[in-house]
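The values are calculated or read from the model by the stated rules, or taken from the named source; none is laboratory data. None of the values given here were measured: they were computed from a predicted structure. Cβ placement follows ideal geometry from the backbone for every residue including glycine, while neighbour counts extend to all protein chains displayed. Keep in mind that these areas ignore ligands, DNA and RNA; they rest on the heavy atoms of the full protein, side chains included. Shrake-Rupley method; radii C 1.70, N 1.55, O 1.52, S 1.80 Å.
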Amino acid sequence: MIAPTSLRRRLAPVLVAGLLLAACGTDDADTGSDAPSDSEMASDDAMSDGMSEGMSEGDHEMTEGETTSEAAGSAAPDVTATMADGSTITLADYAGEQLFVETFATWCSNCRRQLGDTTAAAVQAGDDATFLVLSVETNLDPADLDGYAAENGFEGVTFAVLDDTSLATLSETFGNAVLVPPSTPKFTVAPDGTVGELVTGFESADEILAQLDTPA
């Protein structure tokens, strides 16, 4: 019998694909041979009860930050991401630092809009905080992130691509809203390694800085 955690991790790529399609819409005529089988979809149904959180139409139109506090105060999740130069990072690598983490996708227009303010916050924070921007596109070549950052003028933040296991871990910690890029999910990790609330919705640079434990 497969343990629940192992099942979640095996299904992570299928679940994330469904979340992304739900967030951005899809063409009914676009049906490929890689679509999940009926048996896979049946398995997904066992985990779908909580999927609606963070995926409503309102997520695409939010103008104010919304918070989810269930994970606040818990230890930072054990996630791994690959940077443009091929090296890998974990949240634990930044122990003792103030960390701001945002999940995104390169195709997401809401993400580009939010990253403008996130970049502004990173520039203002300087050495007082580290900003990580993690792509949920597990098949994305990390080397493409340099071009994405340069094209959009995003400076002062570190881009990296999450792996499938880390997507499942983030979902277990924060819920499925953290995997829906158009809702611009964000959270902080304090120097003691505990996470803050998951925040969705557009936030200004000042609103982001207000969440960080940095010198005035």
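Taking the range 141-152 as the range and being crowded, with 18+ Cβ neighbours inside 10 Å and assigned to a loop (DSSP other than H, G, I, E, B) as the test, only Pro142 passes.
Residue count for the range 168-216 under the criterion of being in a loop (DSSP other than H, G, I, E, B) and in contact (Cβ under 8 Å) with a residue 24 or more places away in the chain: the result is 17. Tell me the residue from Val180, Val136, Val101 that is within 26 Å of Glu207 (Cβ to Cβ), in contact with a Gly (Cβ under 6 Å, 6 or more places away or on another chain) and not aromatic (Phe, Trp, Tyr), please. Result: Val180 is the single residue among Val180, Val136, Val101 that is within 26 Å of Glu207 (Cβ to Cβ), in contact with a Gly (Cβ under 6 Å, 6 or more places away or on another chain) and not aromatic (Phe, Trp, Tyr). Residue-level analysis places Glu137 outside the set of residues that are under 15 Å from Ala72 (Cα atoms), of a type in the set (Asp, Glu) and touching a residue at least 24 places away in the same chain (Cβ under 8 Å). All conditions but one from (1) open to solvent by less than 50 Å² (accessible area, probe 1.4 Å); (2) modelled with pLDDT under 95 apply to Glu53; the one that does not is (1). In the range 82-138, counting only strands (runs of 3 or more DSSP E) that sit wholly within it, the ones holding 1 or more residues that are open to solvent by 40 Å² or more (accessible area, probe 1.4 Å) span 88-90.
Check Gly116, Gly126 and return the single one that is without any contact (Cβ under 8 Å) to a residue 60 or more places away in the chain and over 25 Å from Gly193 (Cβ atoms). One residue alone meets the criteria, Gly116.
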